[in-house]
Amino acid sequence: MKTVVEKRYRSRIDAVVRAERLTDKITKKMRLAEHERMDICIAVTEAINNAVQHGNQMMADKYVTLRIECSDNTIRITVCDEGEGFDLDAVADPLTPENLIKPNGRGLLIVKSLMDDVDVLPSTTGTEVVMVKKR
Amino acid sequence: MQIKHDVSGDVAVLHLQGKIMGGPDATSLHEKLHELIDNGTLSVVVDLQGVAWMNSSGLGILIGGLSALRKSGGDLRLARVTDKIEEVLRITKLDRVFDIYSNTEDAIASYQS
């Protein structure tokens with residue numbers, strides 16, 4: 001059986017906390033292992049943070065959409081913003097010595113490391129991040 | 001997230017509780033670290049036993065505090081890092097940047113050596 005939950009958030013910093021609460025609730029219901037739930041919650045907070053701050057630039061009239069699709073063996077999460085997109089190749093590598101102690105730029109690396117499949121699809125009308133965790 | 005602040009000699013120990021994911025809670029940690037730096041505290045231990053996980057926002061705040069303290073001749077050291085935070089530190093290679101201790105006593109004592 002497949003369950004789909006979708007929620008829209010205003011581009012405010014508290015969207016991160018609200019999205020995490022929803023994700024935590026859903027992954028608890030799915031009875032995922034605690035370490036898997038943490039991976040998913042961390043990934044969602046990274047994607048929402050990026051969407052609110054970098055995608056929508058904290059503009060009050062823009063929204064971030066979180067979509068969570070659960071099936072028996074997969075959880076698929078999509079985060080969409082309404083920003084102008086970005087050049088994926090221009091994202092700095094946070095592991096190089098010159099970037100290692102910068103305060104930001106690690107979100108996508110963490111998402112890719114904790115989830116099984118990650119697609120980042122920037123466009124001029126917004127960026128879509130699709131993250132999959134297999135059970 | 002909750003922050004409890006202890007002092008042991010010249011060392012400030014921050015005991016954190018909850019998740020660190022950005023938003024208002026992360027701001028309070030940032031403000032607490034900079035309050036310590038502004039007050040001349042150079043030796044800080046952050047006790048993470050009560051933190052199940054943190055994301056890159058939390059790491060960024062700790063790195064910001066570490067950089068500010070090291071510039072002033074001080075340091076920020078981590079104690080009782082939980083499994084998921086250890087994994088995130090390893091992924092980001094920040095396990096090579098922070099000094100990490102298995103308990104707060106050793107982290108405090110490291111400032112005396």
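In segment A:38-49 there is no residue matching the filter, namely being touching a residue at least 12 places away in the same chain (Cβ under 8 Å) and more than 18 Å from B:W53 (Cβ to Cβ).
When segment B:53-74 is filtered for residues that are open to solvent by 40 Å² or more (accessible area, probe 1.4 Å) and in contact (Cβ under 8 Å) with a residue 24 or more places away in the chain, the ones remaining, listed by number, are B:S72, B:G73.
Only one of the numbered conditions (1) under 11 Å from the mean Cα position of the chain (by Cα); (2) in a strand (DSSP E or B) is not met by B:F98, and that is (2).
Under the condition of being surrounded by fewer than 16 Cβ atoms within 10 Å (Cβ to Cβ), within 11 Å of another protein chain (Cβ to nearest Cβ) and among the β-branched types (V, I, T), the residues counted in segment A:1-30 number 0. For segment B:21-62, which positions are among the polar types (S, T, N, Q) and under 24 Å from B:S110 (Cβ atoms)? Within segment B:21-62, B:N39, B:T41, B:S43, B:Q49 qualify.
On the basis of being over 30 Å from A:R10 (Cα atoms) and either surrounded by fewer than 19 Cβ atoms within 10 Å (Cβ to Cβ) or away from chain A (no Cβ under 13 Å) (or both), does B:H30 make the cut? No; evaluated as a whole, the condition is false for this residue. Take the conditions (1) in contact with a His (Cβ under 7 Å, 6 or more places away or on another chain); (2) open to solvent by less than 50 Å² (accessible area, probe 1.4 Å); (3) more than 12 Å from chain A (Cβ to nearest Cβ); B:K4 misses just one of them, which is (2).
Restricted to strands (runs of 3 or more DSSP E) entirely inside segment A:33-135, those with at least 1 residues that are more than 17 Å from A:V16 (Cα to Cα) and out of contact with any Ser or Thr (no Cβ under 8 Å at 6 or more places or on another chain) are A:74-80, A:117-123, A:126-134.
For every residue, the table says whether it meets (1) within 11 Å of chain A (Cβ to nearest Cβ); (2) modelled with pLDDT of 95 or more.
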| position | (1), (2) |
| --- | --- |
| B:D25 | yes, no |
| B:E35 | no, no |
| B:E87 | yes, yes |
| B:S102 | no, yes |
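The values are calculated or read from the model by the stated rules, or taken from the named source; none is laboratory data. Fair warning: this is a prediction, and the values are worked out from it, not measured in the lab. Cβ: placed from backbone, ideal geometry, glycine included. Neighbour counts: every protein chain shown. Ligands, DNA and RNA are excluded from the accessible area calculation, which covers all protein heavy atoms including side chains. Shrake-Rupley method; radii C 1.70, N 1.55, O 1.52, S 1.80 Å.
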